[in-house]
Structure formats: C-alpha cells, structure tokens
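S.K.: Pasting a structure here, questions to come.
The values are calculated or read from the model by the stated rules, or taken from the named source; none is laboratory data. Note that the structure is a prediction, hence the values are computed from the model and not measured. Reconstructed Cβ throughout: ideal geometry from the backbone, glycine too, with neighbour counts over all protein chains shown. For the accessible areas, the whole protein counts, side chains as well, though only heavy atoms, and no ligand, DNA or RNA atoms are used. Shrake-Rupley method; radii C 1.70, N 1.55, O 1.52, S 1.80 Å.
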Amino acid sequence: MKIGGLTKAAAGVQAVMDDMDRSPGPDSRPARREAVEAALLWCAALIATVGLSTWLGGRVEPILGVPRWAAVGVFAPWLVFFGLHLWFCRRRESAGSKP
Amino acid sequence: MYETASSVRLAFGVYIALTFLLAYMARRQAVRGGFLQEFLVGGRTIGPWVLGLTWIATSASGGTFIGAPALAHANGWSVMLWISGYIVVATTGFGLLGRRIAELGSRTGALTFPDLLRDRFASKSIGAVSGVAMLVLHTSFIVAQYIAGARVLEAVMGVPYAWGVLSFAVVVGLYTAYGGFRAVAWTDSFQAVVMLIGVLLTAGFGLYKVGGLQAVYDGLSAQSPELLTPLGPDKFLPLPAAISFFFVWPLATAGGPALITRFLACRNTATLRRAALLIGCYILLLYPAVIFVGILGRVLVPELAAGDHAMPATILAAVPSTLAGLVLAAPMAAIMSTISSYLLVASGAIARDLYQRNVRGPVSEGRAKAVTHLSIVVVGLVAGAFALRPPDYLQYIVIFSGTGLAATFLIPTLLAVYWPGMNRTGCLVGVVAGFVSFLLQYAAYGTRSFLELDPFVWSLAMSAAGCVAGSLMGVREPRVLLEKYFAPEELE
C-alpha cells in the first residue's frame, strides 16, 4: 500500500512539474535565439559542404575507397556538424530553458 | 519480379502483426482527456524516444528508400552531395520551430498546424485555407506512397498492383483510426528501428559481397569514371542544384506541417532536446547508408528491370534469404509510417479545422470520434482510388506536397511565431506569394528556375517579401491578442 501510495504521489509531482514545464510565459526571445543559431549552423554547413566538394571536384582518387571530394567535402563536414549539433542540444539543456 | 523465399513472406507477416500489436498497446496507454487532444497529439505526453523516432519515420518516406537509392544507382557518388543537406536537418528541424511550437501548443491548446495560425491571427479564413491545403496536399502525398508501396510488393512478392494498394489502405487505415496519434507514433518508432536495421544490414552484407569499399570504387570506375565525381553522369548535379538541395532538405523538413504537428505532442522542452540528439545520431547513420546501398547496388546489380528496384534488388542480391524479409520490411516501414502520419494530418484537417472549429456550439465526444474516423476512411478511399488510376498531373502534386507546402508555409509560420509585427494580411499575402510563385516557376521552368536554382529557393524569398509587405500594409493585430504570444517588452 505504502509503495503504491508513494508511486502515486511521485506520479502526481511529475505531472505538476510537466505542467509547469509546459506553461511558460509568452516570451519568444529564447526560442528565437535558438532559431537564429540553427540558421547560422545551416549557412555554415552549406558553405563548407558545397564549397569543399566543388573545390575538390576533380579529386576522385580514393581515400579508403571513397572519392577524395566526398571524404573531405561531405563526410568530414558531416562529422563536424554532428559535433556542433550535439553542442547545440547540450547547450540548450545546460541553459535550463523551459517552454 | 525477383526471386524471393517464403521466409520473406513470413517476415512480412510478423512485421505487420507486430505493428498491430503496438497499435493495440498504444491505445491502452491513452490518457484521459478530450478525444481530439488524445487522437491528434497523443494527449501531449509523448517522450523523447518516441518523438524523435516518429519525427524521422514521418520524414523518411518511400522517396528516401526507393527514390534516393535509385538515383544513387544511376548517378553514383554525386548523390552523396545531393543528400548532404541532411547534415543539418536535425538542427534546423528542431531548432527553427520546435521549441516555439511546443510552447505555443501548450499555451493556446492548438491541436493542428492550421489551429496555430488561425489562433495567432484570430482568423477563420487563415484556418480554413491552411486546413484545405493540408487536406489536398497530404492526400496526394498518400497517393504517391500507396503507389510506391504497391510497386515494391509487386516487384518483391508478385502481389498484383491493385491488391497492393488495397492492402496498404486497409492495414494503415485500420491502425491509424484505432489508436490515433499515439498508435501512429509508437508504430512509427518501431518502423524507424526496422528502417535503420534494414539499411545497415543491407550496406554491411552488400559491402561484404562486393569485397569492400575499394572494390565498390573500382567497380564504379570500370563502369564510368563519372560515377565517382560530384557532378555525376550527364551533369546530374551542377553547382546551383547542389546549393538548391541544401535549401530543400533542411528547410522543407523544418516547414513540413506533418512534422510541425509532432512538436505539439511533446511533453516539454527537455523532451525536444533529447529527441533532437537522438535524431542527429539516427540521420548520421541512416542517410549515408541509404545512398551507399544505391551506389554499391550499381556494382552488385548493374542492370535493373526498373530504376525504382535498386533497393529491393540490392537487398535480394546481398542479404541472405533468412534475413531478407526483415530487411525488405525497411522500405515498407518507411512508406507505412509516412502514410499513417499524413493520414492523421489530413483527417485532422477535416475533423478539427474544417468541422469542429467552424461548428457553432460544443461538439460531443461521440460526434468528434465519428467525424474523425469517417475522415480517415474518406481520405484513405480517395487516395486509394487515385492510386489505382494515378492522374497524369499527380507527380506535380507530389512535388508540391513535398517542397511546395514548406515553400508556402515555412516563412509565414516563422514570422507568425517570432515577429509581433506580422498580421493576418501579411500571413495571407506570404502564403499566396509562396504558393503562386512556386506553382508558376514549376510550370514555366520545371525544377531549374532563375540562376538554375530550384523554385523552392525563390519561393521562400517571395513568401518572405509578401509577409513583410502585407504586414506593413495591413493593420497590426490587437495588443490583447499579441500578449498571448509575446512578452510586453517585445511589443513596445
């Protein structure tokens, strides 16, 4: 009975916290800041990927069986921007923002 | 038709049974509350794993699993550059609108994408216009998915085309109507896992069969050196096209109403962040592998009965028959998850945006249920009928529902949620400018518009110009309305 009661109480607290988390003020600026950061990352990825691939376009000699332009122009930026995506998500988390 | 073992049919049967089991379990988890809130956004209780996986499963369609490998089979490594916009799809998909839409969904009680726009501008006409657009364009996209799915069944198992269409309509329609958003999200999650496993297994077995990456390189080089270049054979991907697709993938995904609806269902912002992390990892594994399957398929099965058979033919050639059924379920999973999500959005447009919000007085639970279920049946039947006899112009509607929808709604949505100065005139002018400019460019120039860029790029610019011009010409929304959406200091 006690365990059941505690579980119910914990579920109740969780529900209240979820409600608080879902009931933010109307300020759009934190979300807008994130949107601007996402847009900047997109611009940087566009320039890096298309720029490098075009610049290395004639270099098709293989690196581990992958044409050089694809290894340097697509896969390397993919890994770099994957790292930046992780940073983007973790930074938002450490900012403790709630909706 | 390619040779298939009975284990393939068995695996398909198990896969469908598991999908129904998940839909049943999801239905049992339904929370108490309004029917439409549970049916359309899962009671806003969806956690990070399910949110992330349903988002990616909705995004990855028959085009991803059938069309993209077919392009890679025909054009080699250049398709890796063509798809490279997916590098930032998780970042833009969640970063541009995710948090704000989740906030507004819980503040305003919006259940659908048109709900959001309608409430932001207190305009019935904006709600109705966007509801009709959702209905028509999502239904046409479902038609394309029925066609893709039926063709895979036809190629792999010899199921007659009409029966294939009927099977998709019945199977997906049943579990969508039975469990609503929660069932769709749970089955999407299962399907996303099947998709990833299927593609990774195919790539692994294919690589083993060909003899490694260097052997793939040598095989392509022997067939045509152009298969190794970023431009591809017959100048498949010139620079403007490469730039265009870096706009198309990240921004069309971010602006797709079926994906925006996912944010209305999430539990809180921590859920969003974790889902975004998950999606970043998933995309990194899935998309290069999908393209790679097409590339190595060119070496493994150089001659295909039809271009669209690249993926199933490579699976059947590379994967042991005992596993082929599981792996062949991957493209089916991609198609089914997209159909179910779009079916839900299209039926939601009828039940919520065109019916409930335009009827005077409250709508009973029983009536809301009846209208929603009836909407799913009607949309499924109409899409099935079109899939049996696809009209000549269907491909144009599909292109429009893929990228044109985002060209029409992305900029108005961004400005509506972030700019207090945006008003209903600006929204309508932006929507019309995006829609009309996209349509006219396609009619006049096809996929290469001014400066050889895709019409999507220019439509975004036209839509933005329309939003700003319309807002400057129109009357600012009343402060009492704006205070629901913006802090007081933002309104000074």
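S.K.: Tell me, what % of the accessible area of chain B is carbon and sulfur with a 1.4 angstrom probe?
M.R.: 67
S.K.: If you average the sequence gap of Cα pairs under 8 Å that are 6 or more apart and divide by the length of chain B, what percent do you get for the contact order?
M.R.: 29
S.K.: Still on this structure, I have one more. Going highest first, how would you order B:38-44, A:72-78, B:142-148 by mean Cβ packing within 10 Å?
M.R.: In descending order of packing, they fall as B:142-148, B:38-44, A:72-78.
S.K.: Got a sec? What order do A:91, B:367, B:182 fall in by accessible area at 1.4 Å, biggest, i.e. largest, first?
M.R.: Sorted descending by solvent-accessible area, the residues read B:367, A:91, B:182.
S.K.: Okay, next question. Per-residue HN-Hα couplings for segment B:470-479, Karplus 6.51 cos²θ - 1.76 cosθ + 1.60 at θ = phi - 60°, whole Hz, x for Gly and Pro?
M.R.: Values, residue by residue: x, 5, 5, 7, x, 9, 4, 5, x, 4 Hz.
S.K.: Please calculate the 1.4 Å probe accessible area of residue B:490, with all protein chains present, and give it to the nearest 10 Å².
M.R.: Surface open to solvent at residue B:490 totals about 30 Å².
S.K.: Shifting gears a bit: Using only the Cα atoms, what convex hull volume per residue in Å³ does segment B:304-375 have?
M.R.: 109
S.K.: Would you calculate, for chain B, the mean residue ellipticity at 222 nm contributed by helices, counting each DSSP H stretch of 4 or more residues as -39,500 (n - 2.57) and dividing by all residues, to the nearest 500?
M.R.: Dividing the helical sum by the residues of chain B leaves -24500 deg cm²/dmol.
S.K.: Can you give the translational diffusion coefficient of chain B in µm²/s, computed by Stokes-Einstein from the Kirkwood radius over Cα pairs at 10 °C and 1.306 mPa s?
M.R.: Result for D is 69 µm²/s.
S.K.: How many nm is it between the label spots at residue B:321 and residue B:451, if each spot is 7 Å from the Cα in line with the beta carbon?
M.R.: It works out to 5.6 nm between the two label points.
S.K.: If you average 1/r over every pair of different alpha-carbon atoms in segment B:367-492 and take one over that average, what Kirkwood value in Å do you get?
M.R.: Answer for segment B:367-492: a Kirkwood hydrodynamic radius of 16.8 Å.
S.K.: Moving to a separate point now. With N residues in the protein assembly as shown, what two-decimal value do you get for its Cα radius of gyration over 2.2 N^0.38 Å?
M.R.: 0.94
S.K.: Over all residues in B:247-256, what is the mean tally of Cβ atoms on other chains that come within 10 Å of each residue's Cβ?
M.R.: Averaged over the peptide's residues, the number is 1.
S.K.: So who's got an amide H within less than 5 Å of the one on residue A:28, skipping anything under 5 residues away but keeping other chains? H placed 1.01 Å off N, in plane.
M.R.: Under 5 Å from the amide H of residue A:28 lie the amide H atoms of B:487, each far enough along the sequence or on another chain.
S.K.: Could you provide, to the nearest whole Å², the per residue accessible area of the protein assembly as shown with probe 1.4 Å?
M.R.: 39
S.K.: How high is the FRET efficiency between residue B:365 and residue B:197 when r is their beta carbon distance and R₀ equals 41 Å, given to the nearest 0.05?
M.R.: 0.55
S.K.: Right, next: I need the peptides B:340-349, B:151-160, B:72-81 ranked by packing, meaning the mean over residues of other C-beta atoms within 10 angstrom, with the highest value on top.
M.R.: B:340-349, B:72-81, B:151-160
S.K.: Here's a follow-up. Mind checking the log10 I(q)/I(0) for segment A:27-94 at q = 0.24, 0.25, 0.28, 0.29 Å⁻¹? Debye, one equal scatterer per Cα, no solvent, two decimals.
M.R.: So the normalised log intensities are -0.97, -1.02, -1.15, -1.19.
S.K.: Counting partner chain Cβ atoms within 10 Å of every residue's Cβ in B:259-271, what's the average?
M.R.: Mean shielding count: 3.
S.K.: Further question on the same structure: In peptide A:42-51, what is the residue-averaged number of other protein chain Cβ atoms found within 10 Å of each Cβ?
M.R.: 5
S.K.: I want to check the label-to-label distance for residue B:224 and residue B:25. Put each point 7 Å from Cα in the C-beta direction and report it in nm to one decimal.
M.R.: Reported label-point gap for residue B:224 and residue B:25 is 4.7 nm.
S.K.: Each residue of segment B:116-130 in turn: what ³J(HN,Hα) in whole Hz from Karplus with 6.51, -1.76, 1.60 and θ = phi - 60°, glycine and Pro shown as x?
M.R.: Working through the residues one at a time gives 4, 5, 4, 6, 4, 10, 6, 10, 5, 5, 5, x, 5, 4, 5 Hz.
S.K.: Can you give the relative contact order of segment A:27-94 as a percent, counting alpha carbon pairs under 8 Å and 6+ residues apart?
M.R.: 26
S.K.: For a quick check: with amide H placed at 1.01 Å from N, whose amide H comes under 5 Å from residue A:63's, ignoring anything fewer than 5 positions away on the same chain?
M.R.: A:68
S.K.: While we're on this one: Residue-wise, which Karplus ³J(HN,Hα) couplings in Hz belong to segment A:78-89, taking 6.51 cos²θ - 1.76 cosθ + 1.60, θ = phi - 60°, and x for glycine or proline?
M.R.: Each residue's phi maps through the Karplus curve to give 4, 5, 4, 6, 5, x, 5, 5, 4, 4, 4, 5 Hz.
S.K.: Excluding residue B:476 itself, calculate the net charge of residues whose Cβ lies under 15 Å from the Cβ of residue B:476, where each Lys or Arg counts +1 and each Asp or Glu counts -1.
M.R.: Around residue B:476, the surrounding residues sum to 0.
S.K.: A further question follows. Calculate the FRET efficiency for residue B:473 and residue A:80 from the Cβ-Cβ distance with a Förster distance of 45 Å, rounded to the nearest 0.05.
M.R.: The computed FRET efficiency comes out at 0.55.
S.K.: Among B:442-448, B:16-22, B:114-120, B:351-357, how do they line up by average Cβ neighbours within 10 Å per residue, starting with the highest?
M.R.: Highest mean packing first, the order is B:114-120, B:351-357, B:16-22, B:442-448.
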